[in-house]
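What follows is one structure encoded as structure tokens, with my remarks underneath.
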Ligand SMILES: [Zn+2]
């Protein structure tokens, strides 16, 4: 009975049908509209937390990608949209143990919002029914460090302007305000996540209304590059 419950839990967590394969579940289909509609923002958050635990413990979900591609062809009903930095060391679906059709992923160096990212988030939530907006920063972020040091090069200069408010808000910091100071880099990274969430609420009445109605939750997270652990800032 316990195994049945475990299998059921896995199906709900991954939004899929599982097929026994040497005692492990193999996922063959993707989240349906009904399954997505039944999820609450808190459940989705819990599933992403559990997914990161599976990533850390090496017990990630086994997926039949060919079958999932066929299953997803008729539509998508993802649980969440994750905003992440472009850093190649963070394969977003992998670190949350999510598969095809499970999450939208928006990426930009420094994981800040802009008009295009906000439009993508509104599409993901209001139009496509995702229940969670997760803003994920990470340790040792090159974009954050470059913004701290005032790097200027091509279009990077304008891009880094988006991270400047986080640096400016730490004007009272008394230590070394350079990228050589890991504590300051960490503080800016956390503040950048907080300000991005604040800006999403301010600049997107669509998402703000969904959150106030309890249909969507906006949460921050921080990926630790050394361990693969995601600290959720909820
Ligand atoms: Zn980064």
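Could you give every pair whose Cβ atoms fall below 8 Å, whose first residue belongs to region 136-165 and is closer than 18 Å to residue 222 by Cα, and whose second residue is more than 13 Å from the ligand (Cβ to nearest atom) and assigned to a strand (DSSP E or B), counting only separations of at least 6 or pairs across chains? Once the first residue is closer than 18 Å to residue 222 by Cα and sits in region 136-165, its partners that are more than 13 Å from the ligand (Cβ to nearest atom) and assigned to a strand (DSSP E or B) give 136/82; 136/220; 136/221; 136/230; 137/220; 137/221.
In the condition set (1) over 28 Å from residue 227 (Cα atoms); (2) in a helix (DSSP H, G or I); (3) at pLDDT 85 or above, residue 8 is compliant with all but (3). Residues of region 71-103 that are over 9 Å from the mean Cα position of the chain (by Cα) and within 16 Å of the ligand (Cβ to nearest atom): 85, 86, 87, 88, 89, 90, 91, 95. Note on region 122-156: residues that are more than 13 Å from the ligand (Cβ to nearest atom), more than 27 Å from residue 27 (Cα to Cα) and crowded, with 23+ Cβ neighbours inside 10 Å total 0. Of the listed requirements (1) assigned to a helix (DSSP H, G or I); (2) away from the ligand (no atom under 12 Å from the Cβ), residue 185 misses just one: (2). Tell me, yes or no, whether region 118-132 has at least one residue that is without any contact (Cβ under 8 Å) to a residue 40 or more places away in the chain and under 16 Å from residue 86 (Cβ atoms). Taking every residue of region 118-132 in turn, at least one turns out to be without any contact (Cβ under 8 Å) to a residue 40 or more places away in the chain and under 16 Å from residue 86 (Cβ atoms). Checked against the criterion of being modelled with pLDDT of 95 or more, in contact with a strand residue (DSSP E or B) (Cβ under 6 Å, 6 or more places away or on another chain) and closer than 17 Å to residue 87 by Cα, region 159-173 has no qualifying residue.
The values are calculated or read from the model by the stated rules, or taken from the named source; none is laboratory data. Every value quoted in this text rests on a predicted model; they were computed, and no experiment measured them. Backbone-built Cβ (ideal geometry, glycine too); neighbour counts: all protein chains shown.
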